[in-house]
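See below for the structure under consideration.
Just so it is clear, none of the values below were taken in a lab; they were calculated from the coordinates. Computed from a predicted structure; not experimentally measured. Cβ: placed from backbone, ideal geometry, glycine included. Neighbour counts: every protein chain shown.
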Amino acid sequence: MQYLRITMSTLTAIGFVLGSDLARAEPPMQVDDAGTLGRGGMKLEGSLSRDDKQRAGDLVFGFSVIENVEIGLALARATDRADSPSTRLAGVGIGIKWVPIQEREGWSLGLSLDHGRTRVDERATPAKFTERAYGLTGLATYRWDDGQAGHVNLGVSRIRAQGEGETVGTWGLGYEYPLTDALKLTAELFGEEHARPAKALGLRYQVFEGFKLSGAIGRGDGRSFGQVGFAWEF
């Protein structure tokens, strides 16, 4: 079905709108950590990404008004050049992350719940429609005293468009390793039902307290992808 092909474009080009990524993994990772901002904290994150013939940009504002709960609001734009003329996508989303168990060392455990809407303008057909997505993801992180961290995500996403729907399971494994006090190496493996897993390597550099720059490259399901981004907590 045509809408399912567009769904896969949306998953890769504006992934945060589709559930498991909005309240959201800190760039450059797709696999989220079990952690939230402190009460009263805020953050701004953004990235530019390439996935095969897709180009996308996103911006997320996060804040916390209750201990162990973080809310994220997101905007994204993407272009899929696999079609001629290209397909355009515009997304908005909201996500809530609740992590009742948070430890500096050892296990942290929580959940994220997300909802997003993506407007698809398939100019080659032409066809325009809105895709809605809902996601629920379990989050687990284990932190070592030397700064290493391992992350596990397991969830489900429900996608609806043009009167039809599809539910898929999602999963992810991530790892962070400190190379210096300011520089971390990131590695991850993630995917969903009926698709081969994607793998990525990245670097995250703390320019000054609260502000980080990052980048990553990866490959999965027959395509290559990459992104550059920033994260600012204040």
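Report, in deg cm²/dmol and to the nearest 500, the calculated mean residue ellipticity at 222 nm for the chain, where each DSSP H run with n ≥ 4 adds -39500 (n - 2.57) and the sum is divided by the residue count.
-1500 deg cm²/dmol
Mind pulling the per residue volume of the convex hull built on the Cα atoms of the stretch 81-121? Å³ is fine.
Taking the convex hull of the Cα positions in the stretch 81-121, it is 106 Å³ per residue.
Relative to the longest principal Cα axis of the chain, at what angle does helix 2-13 sit, 0 to 90 degrees, rounded to 10?
Helix 2-13 and the main axis of the chain meet at about 30 degrees.
Based on alpha-carbon positions alone, could you give the equivalent ellipsoid semi-axes of the stretch 77-234 from the gyration tensor, as √(5λ), descending, whole Å?
They are 31, 20, 15 Å, listed from largest to smallest.
How about the stretch 161-229: which GluC sites (Glu not before Pro) there lie in a loop by DSSP and see at most 11 other Cβ atoms within 10 Å?
209
Counting other Cβ atoms within 10 Å, which trypsin sites (Lys or Arg not before Pro) in the stretch 69-170 have at most 15 and lie in a DSSP loop?
81, 104, 123
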